Structure formats: C-alpha cells, structure tokens
Amino acid sequence: MTSPARLRSLVLLPALLLGLSACDRPSEVAELAPSAPAPTGSQLQDGAFEQSLEGIWSTGIAQGDDAETIYAIEYQTASGLRILRDGAWLAGRVEDVDLDNQTLAFHVDRTQGPGETVTLRKVVHPDVGSAYTLRLTWAQGHDDDLRFVRRLTPRDRQEIGLAISQAGRVPAVACDTDAVEGSLRATLACSHDEFAALDRNLRTQLVELSARYPDGDRTAAVVVQQLDACTTPACLRDVYARWQVYLDDNYDLGDVLDYL
C-alpha cells in the first residue's frame, strides 16, 4: 500500500517535470530578433523632399552661346539622389536638407580637381498653384534655373544606372582640354581615350588656324560653340568629324610647325 507521502510526491512529479521543460525551452519573446529602428520623422521628411526633385529638368531653350542643359535627377532609398548633367554623372552625396528653406546641399566629388557643394532650391510660384522650379547654385556663384520637363520613365532610370556603372569602369586618363569644366565635352575628354584624342587633335588644328589665317579666330569660335552645344556623345562625334573634313578641305594645317 502506498503511503500518503508517496502519493503526494507522485502527484507533484508531473507538474515539476512540466516546469523544468518550460525552463529549458526559450520563450517566444526571447526568440524574437530585435527590430531595426524605425526612421525618424525628420528622416522621412528629408527623403520625401529628395524624392520630390525627381524628374527631367532643363535650363530652357538654347539662346545664343548658352546651350540648353539637361539634368536627370533620381532618388533611391538606399543610395539617395543620383544626378546626371547632360548625360554625365555628378558623383556625390547629399550633405544637408533644409526643409524650412526648401534647399538641399549636394557635394559633387571630382576626379580632376577639388569637389564642390551645389545647392538645389525649390522656387515655388504661388501664381500657378503648387508648381515650382529648381535653382542650382554652384560653389562659384553660377546659377542654373531649371524648369520641369517630365517625370522619369523606366528607360530614364536604366540610362542613369548605366551612366553611373560606366563611369565607375572608365579608367582615368590625362585631362588636357580647354572645355568648360563640368560640360559634356570636358567630361568625355577627361574620361574617354577616344574623345580625348578627338579633342586634342582638333584643338591643335584650331590653334594653328587662329595663328595663320585671318578668319581663324572666328572659325575656331564657331567650332567651339557647336561642340559645347552638344548634349550627347553622338553629337560630339558628328561635330568633330564634320569640322575635321571642313578643315582638311579648306586649310593647309599641320605641316608647318607646332603651335602648341
């Protein structure tokens, strides 16, 4: 016959074993990984401001010596703003977003020479509802007033990604050009062997042309104006080729002396 004490121990044994097994098994709360901190309200607002700048923007219709400049601006959550200027990537990063003044500071990194900080400002026009333009102010004080052309298409986004990936693979070459820094001609002459050679050869002939022929300065100025008006690599190739044919057909260059 089992004693009362023995019966009590048998009754308590299952409860004790259940308690021990519960101690050995991690709780559901302990198994949950800590969640990533949620973005702050300020971070969300900054991202929304950057995203609002997306699109194709233009300085407007070209007039005289001022060629139209096209900006493509894309926002990505992971990498922030990505900007192309006439098809050339402005490698850089956002340094500051000032929501009160509707401005953004974007630092442009340059492989040739020091970088600079560009300020993008939304300029609201109350007389036309919620529409606004963009004003880019470069470090030296030069302004580009941009009007909105259209929103980005999937093809635009692909081309932006392609331009950035190609820029990362292009080997650095010696930069020897008289083109305005930041222009498409300068960018390609300083990053592509093909365009560096085209620019160098034509510039050599233009220097000689100006020194030897009465109309040389005027012709050289027209050549440079047409080159700087190009917004695509194909346009530059065409202008280089056409002027090379013209110079070969109308002038005797390259056989007298080196004018550089």
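The values are calculated or read from the model by the stated rules, or taken from the named source; none is laboratory data. These numbers were taken from a predicted model, which means no experiment stands behind them. Because the Cβ atoms are built from the backbone with ideal geometry, glycine has one as well, and the counts that use them run over all protein chains shown.
A compact table of results
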item: Boolean, V239 is at pLDDT 90 or above and β-branched (V, I, T); result: yes
item: Residue in the stretch 104-121 that is in the same structural domain as E50 (by TED's automatic domain parsing) and touching a Cys at 6+ places or on another chain (Cβ under 6 Å) present; result: yes
item: Residue in the stretch 107-124 that is closer than 22 Å to Q45 by Cβ, out of contact with any Pro (no Cβ under 8 Å at 6 or more places or on another chain) and among the charged types (D, E, K, R) present; result: yes
item: Listing of strands (runs of 3 or more DSSP E) fully contained in the stretch 54-147 that carry 2 or more residues being at pLDDT below 85, closer than 23 Å to E159 by Cβ and aromatic (F, W, Y); result: none
item: Pair list, Cβ < 7 Å and 6+ apart or interchain, from the stretch 88-106 residues that are without any contact (Cβ under 8 Å) to a residue 60 or more places away in the chain and over 16 Å from E74 (Cα atoms) to residues that are surrounded by 12 or more Cβ atoms within 10 Å (Cβ to Cβ) and small (G, A, S); result: E95/A105; D96/A105
item: Total residues in the stretch 114-128, condition free of Cβ contacts under 8 Å to residues at least 40 places away in the same chain, touching a strand residue (DSSP E or B) at 6+ places or on another chain (Cβ under 7 Å) and of a type outside the set (D, E, K, R); result: 7
